[in-house]
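These notes are about the structure you will find just below.
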Amino acid sequence: MTVNRHLLQSLARKSCPVKRPSINRTLCPFSSRISTDRPKPYQSIPGPEPFPLIGNTWRYLPLIGEYDIEKTPENGEANLRKFGPLVRENLFGSFSILHVFDPIDMESIFRNEGKYPNRRSHRALLKYRHDRPELYSSGGLFPENGEAWYRLRKLIQTILLNQSQINQFIPAIDSIADQMVSNICQLRESNGSIDDLMPHLYKWALETNGRVFVGQPLDCLNLKGSKESLDLIHAIHETHEAILTTELAAIDLWKYFPTSDYKRLVKSQDTMGNIISKYIDKEKNRSSKYSDDGSQSIASQLLENPEASDRDVFTLIMDLFLAGFDTTAFVVGFTLYHLSSHQLYQERVRSELIKLLPKKSDQITVDTLKEMKYLKACVKESLRVNPFSIGTGRVANKEMTLSGYNVPEGTMIIVQNQVACKQESNFPQADQFIPERWLQEKKKTSPFTILPFGYGARMCIGRRLSETEIYVLTAKILRNYRIEYDNDKPFRSKTRFINVPDGPLKLRFIDLPN
């Protein structure tokens, strides 16, 4: 689960260069720096040539534009090749975005972000919530900055960033994974194939998160279909799409009157709020604060906190549902794709799992999770090759120097991890899926090259929960089935607010002996 969704508002406008001399720089995590007494001015950072007033926004317009906004990493790769590891893109007026590809610069950005990392994101959601102070205590974890963000973050991070707190949910996560495994058996055709596993992974992720967030089943894995759960999934998807379109608007008309995109956001958020508020109310009125398995939901823990108001609880639970299910499903989907396409690696994972889970029906525990080292390497490699976001966005809190250039306070920055992860200078055989690279003792690549969950004070709040859910379900599926990719076309992603699958995930599931 992640909170890195602010990226597309700028990322989608990234462009490939024209009419500029090529700059030969080597993108290397430990590349040498040109020492200068005085940093070069920000305006001298290379980048695509802008038009007056409209800047480079025209490049992404239908028909006349030269770039596809759904292929953000490809645009970033072209910028890197043309201009080097630091690229300034003028969009419109005086607004520009700085794209950063060098891990050394990435580290400098995160080391200088301070107590309140700043970002520019989810602005329409901020308006929606500020217009409803009777429901929301603030704009929430996504759009807020400064003290308002920090106060809300403190309320939730002591729960979600504490692994021992996450461990209490492992029995429930394991049980829901078993249900998903059973569903696969019923969903597959006579040859073992499922035409598209992704919709079922979304339902699994939402069901799992529901049990953790509000301590109750959401009925998402009911094969007959649950209207409320389907409405909730649709509302979350619609919210993300509406946030994306409002962020990408050349003029923020939604600030002044309800545009169609803003109305879409209102409708989807109202639907989400109506459903989720019912579950929170049930948590308030439960006779016991603990579920049958002994766990205490996130909502229940927040309701016990004297520093958290009812509006805080509602705001945070809404944020968690927004952030938590599509990214987790994405990671499981691409991990299964890579392992189904590399049977040798799949067998190595299974050998590890058979030792830890001698029977297919064995439950996963805290101890067995700790020992799934090869499986975790496969997940991390999948996150390198197919991350769920292209990187991290920040607004510079203070003036800094990157690659010998001055970067003023207030500059919009995009840390381009997805592109950096595909460079040979950072990862040999970068286009290949090689899990073993994460099991080597000596790692020459900067840790700032791959940051799927972000870094620092604003790191994805749901990282530990998301990783636990991913490991458990992936292990359960691979312990029960041999999987094969059943499509002639590769399984790829495209960029929306985050990366999303660009086509169906068609897999064949073959039963294994116990």
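One table, with the values for the structure above:
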read-out: Residue among Ser300, Ser268, Ser295 that alone is in contact with a Gly (Cβ under 7 Å, 6 or more places away or on another chain), crowded, with 19+ Cβ neighbours inside 10 Å and in contact (Cβ under 8 Å) with a residue 24 or more places away in the chain; value: Ser300
read-out: Pairs, first more than 21 Å from Gln423 (Cα to Cα) and aromatic (Phe, Trp, Tyr) in segment 65-76, second at pLDDT 85 or above and buried (at least 21 other Cβ atoms within 10 Å of the Cβ), C-beta under 7 Å, six or more apart; value: Tyr67/Asn75
read-out: Where a residue in segment 219-237 is free of Cβ contacts under 8 Å to residues at least 40 places away in the same chain and closer than 15 Å to Tyr279 by Cα and its partner, wherever it lies, is assigned to a loop (DSSP other than H, G, I, E, B) and among the charged types (D, E, K, R), with Cβ under 9 Å and at least six apart; value: Ser229/Asp219
read-out: Of all residues making up segment 93-112, the number that are out of contact with any strand residue (DSSP E or B) (no Cβ under 6 Å at 6 or more places or on another chain) and closer than 20 Å to Arg153 by Cα; value: 2
read-out: Top-ranked residue of segment 197-229 - restricted to ones that are acidic (Asp, Glu) and either in contact with a strand residue (DSSP E or B) (Cβ under 9 Å, 6 or more places away or on another chain) or outside any loop (DSSP other than H, G, I, E, B) (or both), ranked as surrounded by the fewest Cβ atoms within 10 Å (Cβ to Cβ); value: Glu228
read-out: Residues satisfying the stated conditions in segment 474-514, i.e. of a type in the set (Asp, Glu) and part of a loop (DSSP other than H, G, I, E, B); value: Asp486, Asp488, Asp502
read-out: Residue match in segment 281-297 (condition: assigned to a helix (DSSP H, G or I) and within 25 Å of the chain's Cα centre (by Cα)); value: no
read-out: Residue list for segment 93-121, filter: under 16 Å from Leu451 (Cα atoms) and of a type in the set (Ser, Thr, Tyr); value: Ser108
read-out: Unique match (being more than 29 Å from Leu465 (Cα to Cα) and crowded, with 20+ Cβ neighbours inside 10 Å) among Pro117, Pro85; value: Pro85
read-out: One residue from Leu316, Leu357 being farther than 30 Å from Tyr279 by Cα, outside the structural domain of Asn112 (by TED's automatic domain parsing) and either without any contact (Cβ under 8 Å) to a residue 60 or more places away in the chain or over 13 Å from the mean Cα position of the chain (by Cα) (or both); value: Leu357
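The values are calculated or read from the model by the stated rules, or taken from the named source; none is laboratory data. Please read all numbers here as calculations on a predicted model, not as lab measurements. Virtual Cβ from ideal backbone geometry, glycine too; neighbours counted across all protein chains shown.
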